[in-house]
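Peer 1: Take a look at the following structure, please.
The values are calculated or read from the model by the stated rules, or taken from the named source; none is laboratory data. The model shown is predicted, which means the values in this text are computed figures rather than measured ones. Don't worry about glycine lacking a Cβ; one is built from the backbone with ideal geometry, like all the others, and counts go over all protein chains shown.
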Amino acid sequence: MRSSIQYALGLALATTMAVSHATTLTIESWRVDDSDLWEDVLIPVFEAEHPDIQVRFSPTSPTEYDSTVNARLQAGTAGDLITCRPFDVSLNLYQEGHLLDLTDMAAMDNFEDFARSAWTTDDGASTFCMPMASVIHGFLYNPEIFAELDLEVPRTEDEFLAVLDTIEQESSYTPLALGTNDQWESNQIVYTNIGPAFWGGEAGRQALLDGSASFTDPEFVAPFEHMARWGEYMGRGYESQTYGDSQNLFSLGRAAIYPTGSWDISYFNQQALFEFDAFPPFRVGDDGQCVISDHTDIGMGINPDSENAEAAKLFLEWLASEGFARLYTNEVTGFFSLSKHEVEVRDPVAAEMINWRQDCDSTIRLNAQIMNRGTPNMEQELWTVGSRVLNGAMTPQEAAERIQNGFSSWYAPQQ
Amino acid sequence: MSIQNPNLRPLNSLATHSVLLAYTLLALFPIVLVVINSFKSRQAIFNEPLAWPTPSSFTLEGYVRILERSDFALYFYNSFVVTIVPLFLVMLFAAMAAWALAEYRFRGNRLMALYLAIGIMIPIRLGTVSILEIIVGLNLVNTLLALILVYTAQGLPLAIFILTEYMRQVPRDLKEAARCDGASEYRIFFQIAVPLTRPALATVAVFTMVPIWNDLWFPLILAPAEHTRTIQLGVQQFIGQYSTDWNSVLSALTLAVMPALILYMFFSRQLIRGLTAGAVK
Amino acid sequence: MRAIRLRPVPWHLLFFLGPAVVIYTLFSAWPLLDTLRLSLYTSAGPGQRVFHGLGNFVTLLTDPHWSAAFWNALWNNTKFFLIHLLVQNPIGLLLAALISLPGLRLARTYRTLIFLPTLLSVVIIGFIWQLILSPLWGVSEGLLEAVGLGHLFSAWLGRESTALITLALISVWQFVGIPLMLLYASLIQVPDELIEAAVVEGASSWRIFWQIKFPLILPTLGLVTILTFVGNFNAFELIYAVKGALGGPNFSTDILGTFFYRTFFGYQSQVGSPTMGAAVASMMFFIILCGVMVYLYVIQRRLHRYDV
């Protein structure tokens, strides 16, 4: 009798130990949209390779992500893996001691310097997040409307404006699906989308950072001047049109052109009532160079309070593998793996966009690095003045002056 | 003897009804709009928002999707628990505290009233990290109890603030009569003050319930786990995935608001009984 | 040696105040006050804070960028409050007065239905009204056209001149039930004898209301006013849901709540500053405290109270 109890106890103990042996990793992320993909596609592949590790994807909506994860990190209740925003937001987390230093991980070698730079300290000494993916900006368009009006895909600024004119005058479609209610579009998918062609991509961005150029120089005012002409092509009452409104306007076939980033592809694959296509931001002048904003957007780091740091590192190594690059790029359509591995993109529009990398120069969003550190913060200033220029409430010159005044008020190289 | 009431004159009555009816329509129109459009396809919502669903535009797609994809019964249960328990605690403790502030003269009375109002004078999110640290210390993360404690603490200041005003309105002669009869302070509170302030208690109960039911922030911070998810959090997650599919969004919003409306309709009978029965005549 | 006379322990006070004070202190007052303390510190490199006296407040009130944002938010907040005071409370009073008329049929139904918007979450309110006012959806434009006022329509939520007023009116629409309920609860407590006596004397409902009922509900009106003040200067959710934490366009809908949120938690690429955020919260606390003190020490003491 006694022995059978002992046996049962021993068995129970063994079971408990077996269960507690399996580690569970929790991923904090803002990618609510992808939660099905993570749970049904990506994580099962990792778990098949590492049967002793279980992974749970725990997303928070993008608007609340930064504040809630920060609070959880401070109180010690955050998950093991933290999805990283690019540049200063994550850099700040690292400096506050909320992200592990990953510099020495061998898997880091799978990424170019430019990919790592979004999650590396200013002196280049430490990298704290494994780069995951970038997004590419450009324009989606409705080929049915283009065919109906006999339009060609525009290559230059003049052609682009001519196309908008034709749509405006010869049809009842809204030429541009864009609103200014939410403000961020005016910077992230307008100014820093069409702008690099004017300011020469990386060269122009670096010139602002080293102080040899200023926002009031013609190459930075010109995109605002271009934007000031968009008002007449945007939908009625665009001042109160939200991002969701714009998406609906385009996906229901009521608007011809939609300035955006590659992340929208998967949404339109589900929702658009027609086959859409994409074209890159226009060149300035016939022999102008095509420049795209190929923005390092998402990475992943480790919470130093995690008790499963070793398992978390295994997970990050898997993130840096060729298998993940292929899986992620093709499953999470519109997010392009940052690793050096060659990946074939199956989605036609995503493939089109990633091909722009061949013909066009690449840069990241103008203000992503360093410029958001002071008060006023350039991201917020660019949202505000960009929207005002689109709304016709501010001239391009005033916009440039306000940005430059704010920037030079705290950035030494500009003083 | 019945008194001729001026309010029953037909003209007055007509004017009164038209004003109230007009405002009722204004209050209901947006809600009705959400509900009818939640039964329509995405394109029909966009093209004819004011139309009733027709056989061709009718769809239950949004409802099917949200019920398939989320554990609505569990969310409802969680929301119900973290609303009802704090509601009861707030009403009881706030009425007691308000009675003390309104009835007894003691040193620091006004200061105490001021202290108890701090909670409505500072943006509550300021205390987020601090509250989370306390909850971590008590080992209550991802429990409904954490939300119950925090919601009770947050509901108290407003309830005390309002109830103090109404406790002051309890007629003095009733209290004095009871004291002369040798009733204890506790009896005076429970048998005189509480029944007499029932209208105000009923009103404050509704004010307390609404922000708790609708809160999104503290579930996100204190109890984001699947098994403690509240309706608002569940709906928010769902909306995050289908943000521009208006059909799904409107269905989710309708489902999120219905339980509260039903609860209110149910309570409002009690509320009216309280209001009429408790009126000081 | 003088004998110390022990005062009896006020058990009843402990009983009545104890539970509320304990729970409230632990889970609300203490966390808030403890965090408010951060307003006296500043960040000295990553993860380190040093005592900074009133430095953050000096920055907030004198630095050109900070002070411009602060005064803008305060001024917008004042407008937001005034609109509630001048629109929400009079409408609430009117509706409460009508519903409390003796013998009114359907009074319960009106009261229940008019209160419904107050039950809705801000996510829903923001979403519905954005749709209704959206030029794309055309609901409000269609309604205006139906009564021949189509030309008045514009993208109200998107214009710098009208966005704040529109949001304030949406908020009024949602919260009018609160003054309605509070005033109604007071109005039905007005003793019948007073009204019956006036009716016998032939007074009109109008006169009865202003000369008998109104003075009696003044304390409640004071309460409603201070609640509106407190609620508005602590408002955040609606503007955040509709316009985001930047309070666009061009910060024209930025109020203290949104200003606090993005300063404390950060927003988009802006990194949050707990110390400056706590300073903003302290200013909000100070402003609301002034209002509440005026109410507790001046208004509440002076207002006539009736005993029957």
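Peer 1: Hey, among the residues in the range C:31-46 that are surrounded by fewer than 19 Cβ atoms within 10 Å (Cβ to Cβ) and of a type in the set (Gly, Ala, Ser), which one's modelled with the highest pLDDT?
Peer 2: In this case the residue turns out to be C:43.
Peer 1: How about the range A:173-269: which helices (runs of 4 or more DSSP H) wholly inside it have at least 3 residues that are away from chain C (no Cβ under 14 Å)?
Peer 2: A:196-199, A:202-210, A:218-227
Peer 1: Something else: Taking the range A:270-298, which residues are away from every other protein chain (no Cβ under 14 Å) and either over 19 Å from residue A:354 (Cα atoms) or not in a strand (DSSP E or B) (or both)?
Peer 2: Hits for the range A:270-298 are A:275, A:276, A:280, A:281, A:282, A:284, A:285, A:286, A:287, A:288, A:289, A:290.
Peer 1: Something else now. Scan (1) under 15 Å from residue A:192 (Cα atoms); (2) within 14 Å of another protein chain (Cβ to nearest Cβ) for the single condition residue A:410 breaks and write down its number.
Peer 2: Of everything listed in (1) under 15 Å from residue A:192 (Cα atoms); (2) within 14 Å of another protein chain (Cβ to nearest Cβ), residue A:410 misses just condition (1).
Peer 1: I'd like to verify a number: residues in the range A:80-111 that are within 19 Å of residue A:56 (Cβ to Cβ), of a type outside the set (Val, Ile, Thr) and buried (at least 23 other Cβ atoms within 10 Å of the Cβ), how many?
Peer 2: Summing the residues that are within 19 Å of residue A:56 (Cβ to Cβ), of a type outside the set (Val, Ile, Thr) and buried (at least 23 other Cβ atoms within 10 Å of the Cβ) in the range A:80-111 gives 2.
Peer 1: I've got another one for you. Name the single residue that is surrounded by the most Cβ atoms within 10 Å (Cβ to Cβ) among those in the range B:11-25 being facing chain C (nearest Cβ under 7 Å) and aliphatic (A, V, I, L, M).
Peer 2: Within the range B:11-25, the match that is surrounded by the most Cβ atoms within 10 Å (Cβ to Cβ) is B:20.
Peer 1: The conditions are (1) closer than 24 Å to residue A:374 by Cβ; (2) surrounded by fewer than 22 Cβ atoms within 10 Å (Cβ to Cβ), and residue A:186 fails exactly one of them. Which is it?
Peer 2: For residue A:186, the failing item is (2).
Peer 1: Scan A:311, A:350, A:368 and give me the residue that is surrounded by 19 or more Cβ atoms within 10 Å (Cβ to Cβ) and over 30 Å from residue A:197 (Cα atoms).
Peer 2: A:311
Peer 1: Within the range C:153-165, track down each residue that is under 17 Å from residue A:236 (Cβ atoms), surrounded by fewer than 24 Cβ atoms within 10 Å (Cβ to Cβ) and not charged (D, E, K, R).
Peer 2: The answer is C:153, C:154, C:156, C:162.
Peer 1: Let me ask something additional. Which one is surrounded by the fewest Cβ atoms within 10 Å (Cβ to Cβ), of the residues in the range B:80-127 that are facing chain C (nearest Cβ under 7 Å) and not in a helix (DSSP H, G or I)?
Peer 2: B:106
Peer 1: Right, here's the next one. For residue B:142, all conditions in the list (1) without any contact (Cβ under 8 Å) to a residue 12 or more places away in the chain; (2) on the phi > 0 side of the Ramachandran plot hold save one; what is the number of the exception?
Peer 2: It fails just one condition, (1).
Peer 1: Counting just the residues of the range B:128-139 that are free of Cβ contacts under 8 Å to residues at least 40 places away in the same chain and facing chain C (nearest Cβ under 10 Å), which one comes out farthest from residue C:280 (Cα to Cα)?
Peer 2: Of everything passing the filter in the range B:128-139, B:138 is farthest from residue C:280 (Cα to Cα).
Peer 1: When the range B:55-79 is examined, which residues are found to be surrounded by 15 or more Cβ atoms within 10 Å (Cβ to Cβ), out of contact with any strand residue (DSSP E or B) (no Cβ under 6 Å at 6 or more places or on another chain) and outside any helix (DSSP H, G or I)? Break it down into steps so the answer makes sense when it comes.
Peer 2: From the range B:55-79, those surrounded by 15 or more Cβ atoms within 10 Å (Cβ to Cβ) are B:57, B:59, B:61-63, B:65-66, B:69-70, B:72, B:74-76, B:78-79; that's our starting set.
After this cut, where a residue has to be out of contact with any strand residue (DSSP E or B) (no Cβ under 6 Å at 6 or more places or on another chain) as well, the list is B:59, B:61-63, B:65-66, B:69-70, B:72, B:74-76, B:78-79.
Selection gives B:59, B:70.
Peer 1: If you check every pair at least six apart or on different chains, which have Cβ atoms under 7 Å apart with a residue in the range A:387-415 that is of a type in the set (Ser, Thr, Tyr) first and a residue that is assigned to a loop (DSSP other than H, G, I, E, B) second?
Peer 2: Sorted first by the residue in the range A:387-415, then by its partner, the pairs are A:387/A:180; A:387/A:183; A:387/C:248; A:387/C:249; A:408/A:415; A:411/A:374.
Peer 1: Here's another thing I want to ask about it. Within the range A:27-53, take every residue that is within 20 Å of the chain's Cα centre (by Cα) and β-branched (Val, Ile, Thr) and give me the one that is modelled with the lowest pLDDT.
Peer 2: In this case the residue turns out to be A:32.
Peer 1: Now for a different question. Between a residue in the range B:216-228 that is more than 10 Å from every other protein chain (Cβ to nearest Cβ) and in a helix (DSSP H, G or I) and any residue that is surrounded by 22 or more Cβ atoms within 10 Å (Cβ to Cβ) and of a type in the set (Phe, Trp, Tyr), which pairs come within a Cβ distance under 9 Å, given they are 6 or more apart or on different chains?
Peer 2: Listed pairs, sorted by first residue: B:218/B:151.
Peer 1: While we're on this one: Checking residue C:300 against (1) more than 14 Å from chain A (Cβ to nearest Cβ); (2) crowded, with 21+ Cβ neighbours inside 10 Å; (3) more than 18 Å from the chain's Cα centre (by Cα), which single condition isn't satisfied?
Peer 2: Here residue C:300 clears every test but (2).
Peer 1: Tally up the residues in the range A:197-216 that are farther than 14 Å from residue A:367 by Cβ and without any contact (Cβ under 8 Å) to a residue 40 or more places away in the chain, please.
Peer 2: Going through the range A:197-216 one residue at a time, the tally reaches 2.
Peer 1: Counting only residues that are hydrophobic (A, V, I, L, M, F, W, C), within 18 Å of residue B:16 (Cβ to Cβ) and within 9 Å of chain B (Cβ to nearest Cβ), which one in the range C:196-236 is surrounded by the fewest Cβ atoms within 10 Å (Cβ to Cβ)?
Peer 2: C:203
Peer 1: Follow-up question, since we're still on this one. Out of all the residues in the range A:177-215, which are over 20 Å from residue A:396 (Cα atoms) and touching a Pro at 6+ places or on another chain (Cβ under 9 Å)?
Peer 2: Selection gives A:177, A:202, A:209, A:210, A:211, A:212.
Peer 1: For residues in the range C:1-30 being under 17 Å from residue B:108 (Cβ atoms) and outside any helix (DSSP H, G or I), which is modelled with the lowest pLDDT?
Peer 2: So, considering only residues that are under 17 Å from residue B:108 (Cβ atoms) and outside any helix (DSSP H, G or I), the one modelled with the lowest pLDDT is C:7.
Peer 1: Sticking with this structure for a sec: If we scan the range B:178-186, do we find a residue that is modelled with pLDDT of 85 or more and either within 14 Å of chain A (Cβ to nearest Cβ) or surrounded by 22 or more Cβ atoms within 10 Å (Cβ to Cβ) (or both)?
Peer 2: Checking the range B:178-186: not a single residue is modelled with pLDDT of 85 or more and either within 14 Å of chain A (Cβ to nearest Cβ) or surrounded by 22 or more Cβ atoms within 10 Å (Cβ to Cβ) (or both).
Conditions (1) at the interface with chain C (Cβ under 7 Å from one of its Cβ atoms); (2) part of a helix (DSSP H, G or I); (3) in contact (Cβ under 8 Å) with a residue 40 or more places away in the chain, marked per residue:
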residue: B:153; (1), (2), (3): yes, yes, no
residue: B:163; (1), (2), (3): no, yes, yes
residue: B:188; (1), (2), (3): no, yes, no
residue: B:199; (1), (2), (3): yes, yes, yes
residue: B:202; (1), (2), (3): no, yes, yes
residue: B:205; (1), (2), (3): no, yes, yes
residue: B:210; (1), (2), (3): yes, yes, yes
residue: B:232; (1), (2), (3): yes, yes, yes
